[in-house]
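Below is one structure, written out as structure tokens; comments come after it.
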Amino acid sequence: MPLPLAQALAQLPRGGVTPAPLVVDNARVLVKLDAKRPTEVPAFDQAKAAIPRQLEMVALEKAAARLVYALPIAHRNIRICPWFIQQTRAS
């Protein structure tokens, strides 16, 4: 989550809306906080199965970024969506 968004959410009361648009990744957004709930940190035994998958996802994203960076500058406006990487892994 982008830092400006997290900071705005931390300051909003339940049902609150940001008074002005936030700039997030070259876009302007208004944020409304519908509900707050306590953070739940899973036990390690519950989380350990997901850790290798998350590390693999990070490695795939880094590899894709290296591939795009290696392209000539004219072709660098390529974005690889994490959803696409997940779908590619599932096939």
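Provide a single number: the residues in region 35-77 that are at pLDDT below 65 and surrounded by 10 or more Cβ atoms within 10 Å (Cβ to Cβ).
So the answer is 1.
Counting only residues that are surrounded by 11 or more Cβ atoms within 10 Å (Cβ to Cβ) and within 14 Å of residue 3 (Cα to Cα), region 24-34 holds 3 of them. Of all the residues in region 16-46, those that are part of a loop (DSSP other than H, G, I, E, B), of a type outside the set (Ser, Thr, Tyr) and in contact (Cβ under 8 Å) with a residue 12 or more places away in the chain number 8.
The values are calculated or read from the model by the stated rules, or taken from the named source; none is laboratory data. From a predicted model like this one, the values you see are computed outputs, not experimental measurements. Using ideal geometry, Cβ is built from the backbone for each residue, glycine included, and neighbour counts are taken over all protein chains shown.
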